[in-house]
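Heads up, the thing below is written out as C-alpha cells.
The values are calculated or read from the model by the stated rules, or taken from the named source; none is laboratory data. Treat the numbers as computed from the prediction; the structure is a model and nothing was measured. As a convention, Cβ positions derive from the backbone with ideal geometry for all residues, glycine included, and neighbour counts pool all protein chains shown. These accessible areas exclude ligands, DNA and RNA; they are computed on the full protein's heavy atoms, side chains included. Shrake-Rupley method; radii C 1.70, N 1.55, O 1.52, S 1.80 Å.
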Amino acid sequence: MSLKELGVIAKKSDMEVRDIQRWMRRRLAMDKPTLLAKFSESGWRLVCYAGYLSLGIFVLWDKAWVWEMDNCWIGFPHELSSDIWWFYMLESSFYWSLMISQFADYKRKDFWQMFLHHLVTLFLLAFSWTCNFTRIGVIVAVLHDAADPLLEFVKLSMYAEADAISNTSFLIFMLVWIVTRLIIYPTFVLHSTFFRGHKLLSMVPIYYVFNTLLMIIFLLNIFWTYFIMKMAVKALGKGEVKKDARSSSDEDDGATDSSGEVAAPQEMK
C-alpha cells in the first residue's frame, strides 16, 4: 500500500500513518502459522514421507533391475506388478494433495518452485505410467523420497529447540540429499535415460518429454541445494541450525510473540 493511500486512511480514521502501519503488520502477523502449527505440519509430513519411503524400499527390495539399470529397458514393455501399481497410486495421490493444499498454506519463498516440482512430479508419474517406464519412475521416486523424512525431523528438532539433535540430523540430511539427488540420480538414472535407453530400444517422441521432465527435476535439486548450503554456512558461523531457508517471503518483516505484539525481526526456527 502506498503512502498516499495510507494518508487517506489516516484522515478517515483519525489515526497516525505510523499507527496504521503498525496495525497492518500485526494483522499480517496473525495469519502466520504458530510454532505449534509448524510442529504439527512437520510431524504429519514426517509420518507420510517415512511411510512412502518405506513402501518404495519394500517395492524395490527384490527387484534385480535396480542394480542393473539396463534391465529397466531390456524386455520393454514390462508387466506391471501389483506392488508397483499400489506405489504409483499412493504416491500420485500424495503429491496431488501437496499441490492442492499448497494454495491454502502460508506462502513461502519457493512457492512457485515447489508448485513446479509437484507439477513435474505428477507429470513424471503420469508419463512413466502411461509409457510403461515404471521401473525408472519408481527408482526416481524413492531416490527423491530418501531425504524428505530427515528434513522434517530437522524441522521438528529445531521447533523443539533441541540444538544438538537438529545439528546432527541436519548434517545427515545434507549428506543423504547430496548423495541421492546430486550423485546417484544423475550418475545412474539420468545416464541411463539419456545415454542407454535409446540404444536398447526404439524410442517414441514421448521418451524425450520424459527426459526433459527428469532434467527439470535435477535442476530444481540444484536450486534447493543452494539454499541447503546457504543454511549450512550460516549454521557453521553460528554453531547451530536456526533458519529455514524456505521460510515465508516476508519473514523478516516481523512476527508476533505469544501476547500478539510485534516482535523484532528474527530468524525463523
Stokes-Einstein D for region 96-136, Kirkwood Rh over Cα pairs, 10 °C, 1.306 mPa s (µm²/s):
142 µm²/s
Expected field for SER93, accessible surface area in Å² at 1.4 Å probe radius, rounded to 10, holds 60 Å²
Can you give me the C-alpha center-to-center distance between region 115-147 and region 72-111, rounded to a whole angstrom?
6 Å
Strictly greater than 19 Å: what percent of every Cα pair in region 1-132 meets that?
68 percent
Quick one: what are the phi-derived ³J(HN,Hα) couplings along region 216-230, Karplus 6.51/-1.76/1.60 with θ = phi - 60°, whole Hz, x for glycine and proline?
4, 4, 5, 5, 5, 4, 5, 4, 6, 4, 4, 5, 5, 5, 4
Residue separation times 0.36 nm, minus the C-alpha to C-alpha distance between GLU16 and ASP105: what's the value?
28.8 nm
Can you tell me the dipole magnitude for region 86-238 around its Cα centre, using point charges on the Cβ only (Lys, Arg +1; Asp, Glu -1), in Debye to the nearest 20?
420 debye
Under the 7 Å Cα-to-Cβ spin-label approximation, LEU80 and THR225 lie apart by a distance in nanometres of 3.3 nm
Sort the following peptides by mean Cβ neighbour count (other Cβ atoms within 10 Å, averaged over residues), highest first: 82-90, 146-154.
146-154, 82-90
Please state the charge dipole magnitude for region 50-148, taken about the Cα centre, from unit charges on C-beta atoms (+1 on K and R, -1 on D and E), reported in debye and rounded to the nearest 20.
360 debye
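Would you mind checking LYS155/LYS234; LYS38/LYS63; LYS12/LYS107; LYS155/LYS230; LYS12/LYS109; LYS32/LYS155 for any pair whose Cα atoms are more than 26 angstrom apart?
Values: LYS155/LYS234 16 Å; LYS38/LYS63 38 Å; LYS12/LYS107 31 Å; LYS155/LYS230 16 Å; LYS12/LYS109 35 Å; LYS32/LYS155 17 Å.
Checking Cα-Cα distances, LYS38/LYS63; LYS12/LYS107; LYS12/LYS109 exceed 26 Å.
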If I ignore ligands, DNA and RNA and count only protein heavy atoms, how much of HIS144 is accessible to a 1.4 Å probe, in Å² to the nearest 10?
10 Å²
